[in-house]
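One structure is given here, and the rest of the page talks about it.
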Amino acid sequence: MKTISLQDAAAMIPAGATLMVGGFMGVGTPEPLVDELVRQQKGDLTVIANDTAAPGIGIGKLITAKLLRRVIVSHIGLNPETQKQMLAGDLQVDLVPQGTLAERIRAGGFGLGGILTATGVGTIAAEGKQTVAVDGRDYLLEPALRADFALVHAFIADYLGNLGYVLTARNFNPLMAMAAETVVVQAENIVPVGVIAPDHVMTPAPVVDYLIAKG
Amino acid sequence: MDAQTLIAQRIAQELRDGMLVNLGIGIPTLVANFVPKGMHVFFQSENGLIGTGPVADPGMALPWLTDAGGKPVTALPGASTFDSAMSFGLIRGGHLDLTVLGGLQVDQHGRLANWMVPGKMVPGMGGAMDLVAGAKRVIVAMQHTAKGRPKIVRECSLPLTSDRPVDLVVTELAVIGFPHGRATLLETMDGVTVEEVVAATEGDLVISPELSEPTLPKATSKAAAMTSIGEPL
């Protein structure tokens, strides 16, 4: 694990990259990193996330700045700008049931090729998907998701990169921290090793590549 | 009493002590206001919380403790938090006793459409497809009609949320179940006649022989059953 400045962390991400971004309606999104991507105008990005938040919040800022080419999300209903860009043909929106999205990301991080789920069977979410019967019940084969970078928000990180999350800001963060080539963490608190008790570590240090230093 | 409160109060009667329950937005959220006294129900918020409490007092809100709409809430004693895989593992793994969701249409076999209107409203399915596919029991809370048109229909014109039929639909007019895959009128709300329900419903509606009819004389009920497009069970 290396520490990195906010500017260098965003500079490391090339235009056209695929990003996983933690957060649920902006809660648990590494907001400073999003702001820096907007400042550096990193475009043509694909974002995998739960939702596109709302204008001015989290991933909503990337939408408004027109930096995204494609989003893979479960919900866009609270961001009218996403719908506008989608209808104008400027943004590809792949809608995925929320539980399926979480499991596809988990599969990507856990070495699985995909998952079988009953969610979406008999709906338009099943279009183009392979159906697999197990013990007489139909499941959709949903492939794993991985990304070039995971942008993770943590409540607490130690100097090694062990992470803890808080309350509902956890959401997709620990799943995404497993599923990207490069994992970049913005933590609210950075503490000496040992402050986080082993049982309270939610993401173990070895999966974290970069911890953003306090400015 | 307004329609939404009536629906929420009726659905609250389906709650049981110790249940794990997920409430959708809109009318379903109101159900939490009518938990019977002395009953303990676990309410899940799919962003990763069991034990969702009321909105925080002024100045006490924490930006990292929110409901599924991103609004700050509190947590009740005994609450737990978890990541999104665990949250949907609870939903998809058969651990969720009940979900209450809003509806745009329900077909006569109980299949729900509630997540998009093509070309008009495409918010994304969020957790709706997982909830309907995975919860032990699914109740739809909705107005019986929209702009005078039935929402219980022969066939959904809107995209389905799941091919798994829901268990119960509660409207301001009636409670409708789907035994044997057929829409069946189980209860009429106070002051509502069977004819009114039938007139506001599209497709076949079976009239349950055990129909609760607080205000309706029996003769009218039988006549309705015989003249309706449905047939008795």
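Structure above, values below:
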quantity: Any chance B:Thr5 is among the hydroxyl-bearing types (Ser, Thr, Tyr), away from chain A (no Cβ under 14 Å) and over 24 Å from A:Asn50 (Cβ atoms); calculated: yes
quantity: Qualifying positions in region B:65-90 - of a type in the set (A, V, I, L, M), in a loop (DSSP other than H, G, I, E, B) and either more than 12 Å from chain A (Cβ to nearest Cβ) or in contact with a Gly (Cβ under 7 Å, 6 or more places away or on another chain) (or both); calculated: B:Val73
quantity: Positions within region B:46-64 being surrounded by fewer than 23 Cβ atoms within 10 Å (Cβ to Cβ) and facing chain A (nearest Cβ under 8 Å), in sequence order; calculated: B:Leu62, B:Pro63, B:Trp64
quantity: Residue check for B:Asp130: on the phi < 0 side of the Ramachandran plot, of a type in the set (D, E, K, R), surrounded by fewer than 23 Cβ atoms within 10 Å (Cβ to Cβ) and in contact with a strand residue (DSSP E or B) (Cβ under 9 Å, 6 or more places away or on another chain); calculated: no
quantity: Residue identified as facing another protein chain (nearest Cβ under 10 Å), on the phi > 0 side of the Ramachandran plot and either outside any loop (DSSP other than H, G, I, E, B) or surrounded by fewer than 19 Cβ atoms within 10 Å (Cβ to Cβ) (or both) among A:Gly194, A:Gly122; calculated: A:Gly122
quantity: Residue in region A:97-119 that is surrounded by the fewest Cβ atoms within 10 Å (Cβ to Cβ), counting only those that are aliphatic (A, V, I, L, M) and within 7 Å of chain B (Cβ to nearest Cβ); calculated: A:Ala118
quantity: Residues (in contact with a helix residue (DSSP H, G or I) (Cβ under 9 Å, 6 or more places away or on another chain) and either closer than 24 Å to A:Gln7 by Cβ or part of a helix (DSSP H, G or I) (or both)) located in region A:174-184; calculated: A:Pro174, A:Leu175, A:Met176, A:Ala177, A:Ala180, A:Val183, A:Val184
quantity: Total residues in region A:1-46, condition part of a loop (DSSP other than H, G, I, E, B) and closer than 28 Å to A:Thr168 by Cα; calculated: 11
quantity: Candidate set: region A:125-157, residues that are small (Gly, Ala, Ser) and not in a loop (DSSP other than H, G, I, E, B); chosen: the one nearest to the other protein chains (Cβ to nearest Cβ); calculated: A:Ala125
quantity: Residues of region B:22-43 that turn out to be within 14 Å of another protein chain (Cβ to nearest Cβ) and surrounded by fewer than 24 Cβ atoms within 10 Å (Cβ to Cβ), as a count; calculated: 4
quantity: Residue within region B:182-192 that is more than 14 Å from chain A (Cβ to nearest Cβ), of a type in the set (S, T, N, Q) and over 30 Å from A:Asn173 (Cα atoms) present; calculated: yes
quantity: Top-ranked residue in region A:71-96 [being touching a strand residue (DSSP E or B) at 6+ places or on another chain (Cβ under 6 Å) and loosely packed, with under 15 Cβ neighbours inside 10 Å; ranked as nearest to B:Val117 (Cα to Cα)]; calculated: A:Asp94
quantity: Pick from region B:126-159, criterion more than 14 Å from every other protein chain (Cβ to nearest Cβ) and in a loop (DSSP other than H, G, I, E, B), ranking: nearest to B:Gly177 (Cα to Cα); calculated: B:Arg137
quantity: Those residues of region B:142-166 which are over 13 Å from B:Gln108 (Cα atoms), touching a Ser or Thr at 6+ places or on another chain (Cβ under 8 Å) and among the β-branched types (Val, Ile, Thr), in sequence order; calculated: B:Thr161
quantity: Scan of region A:158-178 for residues that are more than 7 Å from chain B (Cβ to nearest Cβ) and within 16 Å of A:Gly23 (Cβ to Cβ), ordered by number; calculated: A:Leu163, A:Tyr165, A:Asn173, A:Met176, A:Ala177
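FYI, it's all coordinate maths here, none of it is from the lab. Bear in mind that the values here come from a model prediction, so they are computed numbers and not experimental data. For neighbour counting, all protein chains shown are included, and Cβ atoms are generated from backbone atoms with ideal geometry for every residue, glycine included.
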